[in-house]
1. Name the residue from 20, 52, 168 whose Cα lies farthest towards the positive end of the charge dipole of the chain, charges +1 on Cβ of Lys and Arg and -1 on Cβ of Asp and Glu.
2. If the cut-off is 23 Å between C-alpha atoms, which lysines fall inside it for residue 82, apart from same-chain ones fewer than 8 positions away?
3. Could you check the simple spin-label distance between residue 2 and residue 200, using points 7 Å along Cα→Cβ, in nm with one decimal?
4. Report ³J(HN,Hα) in whole Hz for each residue of the range 4-21, in order, from the Karplus equation J = 6.51 cos²θ - 1.76 cosθ + 1.60 where θ = phi - 60°; Gly and Pro get x.
5. Go through 131-140, 78-87 and give me the packing order, highest mean Cβ count within 10 Å leading.
6. Kindly give Rg over Rh for the range 41-200, based on alpha-carbon atoms, with the Kirkwood expression for the hydrodynamic radius.
7. Given the C-alpha centroids of the range 104-150 and the range 37-81, what is the distance between them in whole angstrom?
Amino acid sequence: MSEKVKNGIKLAVIIFVSAAVGLLLGYLVSDQELRYMFSREYRETVKGIEIYTCGTINEENYMAHRSMLAYAPEELAECCDKIYFTGSELPIPANDTGFGQALGITQGRIVYVSTQTYGADVVLHEMFHAYDHEHGMPSSNDGGFITAFREENERIRLAAASESLLASEFYAETGAMYIISPFELSIRAPRTYSYFNSVLGLYED
Ligand SMILES: [Zn+2]
């Protein structure tokens, strides 16, 4: 083999390995669980969900968040495998739409919640993202929800980067409201309230 061909092969191998390492790094960095894998502390299992805390957290804020699980109906809890509570803000993964920091992130059946603030309802909000994901995204597929969303989304203002993200944010937020403040939801967004009541049936009509 000539020196030229050898060098060519060497270069091709280097390029291939670099690309593979780059892809692997991209995957690892976007995987939230890996970020906390070595600092996590197992706390307990609640309704079949493993609960972990990561790093230093304010115990009082943690307990406020943890207490929200008591309100989660079984249909919601069974869509989550693990919840990670962290004391710091969550960096949004690069492959996710959006940017900056978040108080909660859900990837499939795993929920990550920052306990920095006292707004504990983020726990149920994220669990509704997991529910949505587990049920084939009714936030963008279910006619009943879509109609309610179109009619009522301006009544409950939410920030989102796009229309499809807005629908899933509205789903998660009004789902959490349906559990924590059903009366308020039934007044502000009655169709959305009816949608969730038809799905979860927690209250008399
Ligand atoms: Zn959300």
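Every number in this text was worked out from the coordinates using simple rules, so none of it is lab data. Just so we're clear, the structure is a prediction, and the values are computed from it rather than from any experiment. Cβ sites come from the backbone with ideal geometry, for glycine too, and all protein chains shown count toward neighbours.
1. Highest projection toward the positive end goes to 20.
2. The qualifying lysines are 47.
3. So the two model labels end up 7.1 nm from each other.
4. With the stated coefficients, the range 4-21 comes to 4, 5, 4, 4, x, 5, 3, 4, 4, 5, 4, 5, 4, 5, 4, 5, 5, 5 Hz.
5. The packing order, highest mean first, is 78-87, 131-140.
6. Reported Rg/Rh, Kirkwood definition of Rh: 0.95.
7. 16 Å
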